[in-house]
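Q: Sharing a structure with you now.
The values are calculated or read from the model by the stated rules, or taken from the named source; none is laboratory data. Everything quoted here is computed from the prediction, not taken from an experiment. Neighbour counts run over all protein chains shown; Cβ positions are idealised from the backbone, glycine included.
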Amino acid sequence: MSSHIANVLKQARVTFAKTQKPYKQKIEILSSLLDKTTMNHVNLPKTYMDHHLWEYPEKAPVSCIEIFEDSDVTMGIFMLKPNGKLPLHNHPNMYGLIKVLSGKVKITSFSMNTEKTKEIDQRSFHGESMPYKPSNKILTAELNGVTIANSESPPCIVEPNFRNIHEIQSLDGTAAFLDILAPPYDFERRKCSYYQKLSQASRNIFRLQEIECPSWYWTDSCPYTGPKMYEVQFYV
């Protein structure tokens with residue numbers, strides 16, 4: 001009998017297989033299954049959530065546990081130190097689902113190419129003061145809001161054209177969340193880019209400038225100790 005987390009991965013692979021379109025209904029089925037996931041399903045050691053672990057000077061602010069990756073989907077766990085965060089970053093032409101397993105996080109999300117951002121850009125091109133220079137990699141994005149999520153919250157969903165740029169910060173201690181991305185990042189078509197707020201163009205509309213990975217952000221890895229995923233490799 002398959003474990004719960006193996007069933008989540010199977011559904012993710014069915015949802016995002018290259019031969020199939022990720023229909024809304026399939027994503028909803030995956031989200032519903034993911035919503036039932038707890039830290040026990042992945043055997044996440046509670047010691048990882050102990051704030052003392054994160055007080056060592058050379059400890060990375062974020063730790064990662066790789067569970068599975070193929071050409072269609074990747075699944076892993078991110079653990080954030082107290083008040084730690086993933087910098088503002090994008091997911092080019094990707095879907096993503098985030099389920100908090102432990103602690104509490106704040107997710108600040110932006111979308112590109114919305115009606116409002118297009119309107120602002122068109123006005124700006126006609127004489128308004130817009131610091132737009134393609135070589136500076138500046139883009140216009142709409143703030144979708146701030147979500148506070150914990151283990152009781154439903155999964156947060158990222159789509160290619162919605163909430164595609166976000167920042168995730170732990171609140172009130174350490175936090176851990178399960179992350180599903182489809183398709184995975186790569187260094188050519190889907191490179192992860194980082195951003196900073198440059199200015200505010202209008203209500204909930206911001207200029208974001210691409211930057212190098214912040215010097216305060218790096219990760220280390222921890223071993224996955226949950227149920228085996230061997231049977232999932234041959235599924236779909």
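Q: Kindly indicate whether any position in region 224-231 is among the small types (Gly, Ala, Ser) and either under 20 Å from the mean Cα position of the chain (by Cα) or under 21 Å from residue 37 (Cα atoms) (or both).
A: Yes, region 224-231 contains at least one residue that is among the small types (Gly, Ala, Ser) and either under 20 Å from the mean Cα position of the chain (by Cα) or under 21 Å from residue 37 (Cα atoms) (or both).
Q: Can you pull out every residue in region 166-223 that is free of Cβ contacts under 8 Å to residues at least 24 places away in the same chain, of a type in the set (S, T, N, Q) and closer than 24 Å to residue 147 by Cβ?
A: 200
Q: Out of everything in region 1-53 that is closer than 19 Å to residue 68 by Cβ and small (Gly, Ala, Ser), what residue ends up being surrounded by the fewest Cβ atoms within 10 Å (Cβ to Cβ)?
A: Ranking the qualifying residues of region 1-53, first place goes to 2.
Q: I need the full set of residues from region 55-76 which are aromatic (Phe, Trp, Tyr) and touching a helix residue (DSSP H, G or I) at 6+ places or on another chain (Cβ under 9 Å), in order please.
A: Correct list: 68 only.
Q: Being among the polar types (S, T, N, Q) and either surrounded by 15 or more Cβ atoms within 10 Å (Cβ to Cβ) or touching a Gly at 6+ places or on another chain (Cβ under 9 Å) (or both) is the filter here, so list the residues in region 176-201 that pass it.
A: Result: 193, single match.
Q: Now a separate question. Based on this model, can you work out whether residue 106 counts as closer than 22 Å to residue 217 by Cα, at pLDDT below 90 and basic (Lys, Arg)?
A: Judged against the criteria, residue 106 is not a match.
Q: Tally up the residues in region 198-229 that are aliphatic (A, V, I, L, M) and farther than 27 Å from residue 178 by Cβ, please.
A: 4
Q: State whether one or more residues within region 95-115 are in contact with a His (Cβ under 8 Å, 6 or more places away or on another chain), touching a residue at least 40 places away in the same chain (Cβ under 8 Å), small (Gly, Ala, Ser) and assigned to a strand (DSSP E or B).
A: yes
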